[in-house]
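Please treat every number below as a calculation from the coordinates, not as lab data. None of the values given here were measured: they were computed from a predicted structure. For neighbour counting, all protein chains shown are included, and Cβ atoms are generated from backbone atoms with ideal geometry for every residue, glycine included.
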Amino acid sequence: MATDRVCIDCPQTFEWKGTKGHPLARCPACKREHLKAQKRANPDIWRKYQYKHNFGITIAEYDLMLKAQGGHCDLCPRTACDDGRRLHVDHDHATGKVRALLCHNCNRALGLMKDDPDLLRRAANYLEHHRSLRCA
C-alpha cells in the first residue's frame with residue numbers, strides 16, 4: 001500500500017511503497033545520490049555485490065577469468081586499464097550464463113546487435129564489402 005512520505009534528506013514529498021510503519025525513506029533522487037555515495041565510499045563491497053547479484057560469480061572467479069584471458073578483452077587486444085575501466089562480465093541474457101570478459105566497446109557492440117550472430121555476420125559482411133569498394 002502506497003503512502004506519502006517526506007524524504008529524510010530533502011523536503012520533497014513522494015509516494016512510498018515500502019515496509020509498513022518504517023519511519024525513514026528517501027525520495028528517488030536522494031536515494032540515487034545516496035547509493036552513488038555508498039559506491040564511491042566502498043567500491044570493493046559494491047563490486048563484490050554486483051558480480052554475485054548480477055552474474056553469480058565471485059571476485060576470485062572474475063580474477064581467474066581475467067588471468068585465463070591474459071588480462072585482455074576476449075574479442076580484441078584491449079586490456080582493462082586501456083580506458084581505465086575493468087573488463088565487463090559478458091553474459092547470455094536468455095540463460096544468465098557468463099561467457100567471458102569484454103572491454104566496454106566490445107560488450108556494448110554485442111548488446112547493440114542484440115547478441116544476434118546473424119546480425120553480427122551481416123555487419124561483418126557489410127564492412128568487408130564496403131572496404132573492398134573503398135580500396136578499389
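Computing semi-axes √(5λ) of the Cα gyration tensor in Å for the structure here picks out one of [x] 41, 21, 15; [y] 30, 14, 13; [z] 23, 19, 14, namely [x].
Using helices alone, what [θ] at 222 nm do you get for the chain, with -39,500 (n - 2.57) per DSSP H run of 4 or more residues, divided over all residues and rounded to the nearest 500? Mind showing how you got there, number by number?
Details: 5 runs with 60 residues, N = 136.
Roughly -13500 deg cm²/dmol at 222 nm, from the helical runs in the chain.
Once you charge only the Cβ atoms, +1 for Lys and Arg and -1 for Asp and Glu, what is the size of the charge dipole of the range 44-136 about its Cα centre, to the nearest 20 debye?
Values: 15 positive and 12 negative charges, 28 e Å.
That gives a dipole near 140 debye.
Subtracting the Cα-Cα distance of His129 and Cys81 from 0.36 nm times their residue separation leaves 14.0 nm of extension gain. Among the lysines in the chain, how many pairs, 8 or more places apart or on different chains, have alpha carbons under 23 Å apart? Qualifying lysine pairs in the chain: 16. When you count the other C-beta atoms within 10 angstrom of each residue and take the mean per peptide, 46-55, 116-125 line up highest first as 46-55, 116-125.
Each residue of the range 103-114 is assigned a 3J(HN,Hα), and the resulting list reads 5, 4, 5, 5, 4, 5, 4, 4, x, 5, 8, 6 Hz, derived from the Karplus form 6.51 cos²θ - 1.76 cosθ + 1.60 (θ = phi - 60°), x at Gly and Pro.
Just need the relative contact order of the chain here, percent rounded to a whole number, with Cα pairs under 8 Å and 6+ apart.
Values: 118 pairs, mean separation 15.9, N = 136.
Normalised by residue count, the contact order of the chain is 12 percent.
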